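Some notes on the structure that comes next.
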Amino acid sequence: MNGKLTDQTTGPRDGGKPGPAGALWRRHGARILRALLPTSCALCGTGCDETLCPDCAAQFFGAGAAVARCRCCANPLPGAAVGADQPPSGKPPGRSAERLCGQCATQPPAFDVTLTAADYAMPVDQLVLQLKFGHRLALAALFARLLRDAVLQQPDFVLPALICPVPLGPRRLAERGYNQALEIARPLARSLGVALHPRLAARVRETTAQSSVAPEQRQRNIAGAFAVPDAALVRGRHIGIVDDVMTSGGTLDELAATLKRHGAARVSNLVFARTPPH
């Protein structure tokens, strides 16, 4: 022994060339990891390198899965072709009648725009349930990527100044251990280059899950649930709200109304999945 310390992975610690193991890892590291830790598609189970295989990505999130949606609430527009909800070239975004469903045209919600990556229907709903209740936090990065793609496919959409997740109450957060909306918002904000403010809004009243409340009682259930601790961060700005699923829209409407009472100029919903109307 000559007393020189070496690292079997990276080579000599004195700045020499990498050893054989280090060179092998640089060339074939990703392939080795795939062999040791094989991955499969989260929807169909087919072995693949990504969270979704190309076939499932194309079938459920590709151009063929696109539908024309109401610009405000993202519900499908009956009888409209894909792209019919796009504004005429050169016109600023707004609530033009031809891009709104009948409900939003007659009773506009507090939010201005909703963008979504998919319908909340089989088998996409299983992905949401795995993230929300199955602790598969790796799916949050997939949701963020698909939602980013949906945002970038809307050339007239102006990015918000701040992104915030729909907040959970302390009890629900303690039970689940994480806020799935925040887990999606983190990578989404990074990929869009928009500032994330996790505590822009706070849930000040514990509520029953909206999905378990009768439709006629949902507005009362969520009323007064949110507060804005620092109105100066909101005043005059475009705020993006991130959530995993939009069902009736009551929670997002209440949060948007709260933000606007504190001076928000515009509120856009960025939700991974939208429950189709029954």
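The values are calculated or read from the model by the stated rules, or taken from the named source; none is laboratory data. All values reported here derive from a predicted model rather than from experimental measurement. All Cβ positions, even for glycine, are placed from backbone atoms using ideal geometry, and neighbour counts span all protein chains on display.
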Quick one: Asp253 ticks every box in (1) acidic (Asp, Glu); (2) more than 16 Å from Val113 (Cα to Cα); (3) modelled with pLDDT of 95 or more bar one, so which box is it? (2)
Do we find a residue being in a helix (DSSP H, G or I), closer than 13 Å to Gly240 by Cβ, in contact (Cβ under 8 Å) with a residue 60 or more places away in the chain and in contact with a Leu (Cβ under 7 Å, 6 or more places away or on another chain) anywhere in segment 159-167? no
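Residue by residue, here is whether (1) within 27 Å of Ala42 (Cα to Cα); (2) touching a Phe, Trp or Tyr at 6+ places or on another chain (Cβ under 6 Å); (3) loosely packed, with under 13 Cβ neighbours inside 10 Å holds:
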position: Ala150; (1), (2), (3): yes, no, no
position: Glu175; (1), (2), (3): yes, no, yes
position: Gln180; (1), (2), (3): yes, no, no
position: Thr207; (1), (2), (3): no, no, no
So which of Ala225, Ala202 ends up being within 16 Å of Ile163 (Cα to Cα) and either surrounded by 13 or more Cβ atoms within 10 Å (Cβ to Cβ) or touching a strand residue (DSSP E or B) at 6+ places or on another chain (Cβ under 7 Å) (or both)? Ala202
Give all pairs with beta carbons closer than 8 Å in which a residue from segment 230-254 that is over 17 Å from Val128 (Cβ atoms) and surrounded by fewer than 22 Cβ atoms within 10 Å (Cβ to Cβ) meets a residue that is polar (S, T, N, Q) and at pLDDT 95 or above; count only pairs at least 6 apart in sequence or on separate chains. His238/Ser268
Filter pass, Leu115 being of a type in the set (A, V, I, L, M, F, W, C) and assigned to a helix (DSSP H, G or I): no
Regarding segment 101-119, can at least one residue be identified that is surrounded by fewer than 20 Cβ atoms within 10 Å (Cβ to Cβ), at pLDDT below 90 and either of a type in the set (Gly, Ala, Ser) or out of contact with any Gly (no Cβ under 8 Å at 6 or more places or on another chain) (or both)? no
The number of residues in segment 137-158 that are outside any loop (DSSP other than H, G, I, E, B) and of a type in the set (Val, Ile, Thr) is 1
Could you run through segment 180-195 and say how many residues are small (Gly, Ala, Ser) and touching a Lys or Arg at 6+ places or on another chain (Cβ under 6 Å)? 1
Give the number of residues within segment 255-271 that are over 11 Å from Ala74 (Cα atoms), touching a residue at least 60 places away in the same chain (Cβ under 8 Å), touching a Phe, Trp or Tyr at 6+ places or on another chain (Cβ under 6 Å) and not aliphatic (A, V, I, L, M). 0
Filter result for the condition that a residue is crowded, with 24+ Cβ neighbours inside 10 Å and within 19 Å of Arg205 (Cα to Cα), over Leu259, Leu270: Leu259
